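Read through the structure below, which is laid out as structure tokens, and then see the notes.
The values are calculated or read from the model by the stated rules, or taken from the named source; none is laboratory data. Please read these numbers as outputs of a predicted model, since none were measured by experiment. Note that each Cβ is placed from the backbone with ideal geometry, even for glycine, and that neighbours are counted across all protein chains shown. Ligands, DNA and RNA are excluded from the accessible area calculation, which covers all protein heavy atoms including side chains. Shrake-Rupley method; radii C 1.70, N 1.55, O 1.52, S 1.80 Å.
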Amino acid sequence: MEFTCNTCYDRKALTAMSRAVRKTIRKKSSRLLHIYSWVVIALCLLSIWVSWGDPWYVALDSAVILLLLLVQLKEDALNAFFARRRAMPRLEDCDTCFYSDYYETRFPGSVTQWQYDRILHLAETSRYIILILGKNHAQACGKADLAGGSVEAFRSFLEQKTGKETQYIGG
């Protein structure tokens with residue numbers, strides 16, 4: 001059975017990929033960073049309470065708290081923004097064909113073949129099935145542009161080829 005899909009690597013796709021990598025491969029380090037961030041926020045709140053009479057310290061600590069909260073809430077979108085800025089030009093559209101022994105990605109001007117054993121995790125959102133290849137690398141397959149079978153058949157095909165279970169991460 002052969003599946004094909006076309007994926008546009010826009011902001012939504014990159015954000016979904018960032019979220020999938022954060023919730024699978026980088027789960028432990030992400031949790032530790034969140035704990036450190038909450039500790040710094042608590043220390044800043046304590047500092048605000050102690051230095052309530054000095055408006056400069058209160059403003060500085062408040063700015064640190066707001067920045068940390070913003071980064072925590074929008075970390076996937078920030079990762080997607082920087083990933084898009086690092087990407088090479090004209091690599092927004094990708095065609096991927098899944099064969100029985102390998103899968104092939106086609107960008108304008110290049111074709112790459114990948115073995116299924118290179119996939120570390122499978123993740124799924126409402127719009128994408130995401131192939132996680134490493135700590136900083138993933139590929140998204142858009143469900144809307146999937147050809148060659150249903151999404152359920154594609155998911156079971158990937159699970160059979162990789163030996164991994166698909167983790168639904170929401171979003």
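Consider only pairs whose beta carbons are under 7 Å apart and that are at least six residues apart or on different chains; among these, list those whose first residue lies in the stretch 41-53 and is free of Cβ contacts under 8 Å to residues at least 12 places away in the same chain and whose second residue is open to solvent by 90 Å² or more (accessible area, probe 1.4 Å) and part of a helix (DSSP H, G or I).
SER51/TYR57
Every residue in the stretch 83-118 that is farther than 21 Å from ALA147 by Cβ, assigned to a strand (DSSP E or B) and either open to solvent by 80 Å² or more (accessible area, probe 1.4 Å) or touching a Gly at 6+ places or on another chain (Cβ under 6 Å) (or both), please.
Scanning the stretch 83-118 gives a single hit, GLN115.
Being of a type outside the set (Val, Ile, Thr), touching a helix residue (DSSP H, G or I) at 6+ places or on another chain (Cβ under 7 Å) and open to solvent by 70 Å² or more (accessible area, probe 1.4 Å): is that true of TRP52 here? Can you show your working first?
Working: of a type outside the set (Val, Ile, Thr): yes; touching a helix residue (DSSP H, G or I) at 6+ places or on another chain (Cβ under 7 Å): yes; open to solvent by 70 Å² or more (accessible area, probe 1.4 Å): yes.
Yes; evaluated as a whole, the condition is true for this residue.
I need the full set of residues from the stretch 20-32 which are of a type in the set (A, V, I, L, M) and either surrounded by 15 or more Cβ atoms within 10 Å (Cβ to Cβ) or closer than 30 Å to ASP145 by Cα (or both), in order please.
Answer for the stretch 20-32, where residues must be of a type in the set (A, V, I, L, M) and either surrounded by 15 or more Cβ atoms within 10 Å (Cβ to Cβ) or closer than 30 Å to ASP145 by Cα (or both): ALA20, VAL21, ILE25.
The conditions are (1) open to solvent by less than 70 Å² (accessible area, probe 1.4 Å); (2) under 19 Å from the mean Cα position of the chain (by Cα); (3) of a type in the set (S, T, N, Q), and ASN136 fails exactly one of them. Which is it?
Against the list (1) open to solvent by less than 70 Å² (accessible area, probe 1.4 Å); (2) under 19 Å from the mean Cα position of the chain (by Cα); (3) of a type in the set (S, T, N, Q), ASN136 comes up short only on (1).
How about the stretch 119-144: which of its residues are out of contact with any Gly (no Cβ under 9 Å at 6 or more places or on another chain) and of a type in the set (S, T, N, Q)?
Answer for the stretch 119-144, where residues must be out of contact with any Gly (no Cβ under 9 Å at 6 or more places or on another chain) and of a type in the set (S, T, N, Q): ASN136, GLN139.
Would you call ASP61 in a helix (DSSP H, G or I), acidic (Asp, Glu) and in contact (Cβ under 8 Å) with a residue 24 or more places away in the chain? Reasoning before the result, please.
Numbers: in a helix (DSSP H, G or I): yes; acidic (Asp, Glu): yes; in contact (Cβ under 8 Å) with a residue 24 or more places away in the chain: no.
It is false that ASP61 is in a helix (DSSP H, G or I), acidic (Asp, Glu) and in contact (Cβ under 8 Å) with a residue 24 or more places away in the chain.
A quick yes/no check of all residues on (1) surrounded by fewer than 15 Cβ atoms within 10 Å (Cβ to Cβ); (2) at positive phi; (3) part of a helix (DSSP H, G or I); (4) out of contact with any Asp or Glu (no Cβ under 9 Å at 6 or more places or on another chain):
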residue: THR4; (1), (2), (3), (4): no, no, no, no
residue: SER18; (1), (2), (3), (4): no, no, yes, no
residue: TYR36; (1), (2), (3), (4): yes, no, yes, yes
residue: VAL39; (1), (2), (3), (4): yes, no, yes, yes
residue: CYS44; (1), (2), (3), (4): no, no, yes, no
residue: TRP56; (1), (2), (3), (4): yes, no, yes, yes
residue: LEU69; (1), (2), (3), (4): yes, no, yes, yes
residue: ASP76; (1), (2), (3), (4): no, no, yes, yes
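Any idea which residue in the stretch 139-165 is least open to solvent (accessible area, probe 1.4 Å), counting only those that are of a type in the set (Asp, Glu) and either closer than 24 Å to LYS27 by Cα or in contact (Cβ under 8 Å) with a residue 40 or more places away in the chain (or both)?
GLU159
When the residues of the stretch 151-171 are narrowed to those that are closer than 19 Å to GLN115 by Cβ and among the aromatic types (Phe, Trp, Tyr), which ends up nearest to the chain's Cα centre (by Cα)?
Taking the candidates together, the pick is PHE154.
Looking only at the stretch 20-34, count every residue that is in a loop (DSSP other than H, G, I, E, B) and either hydroxyl-bearing (Ser, Thr, Tyr) or more than 30 Å from PHE107 (Cα to Cα) (or both) and tell me the total.
1
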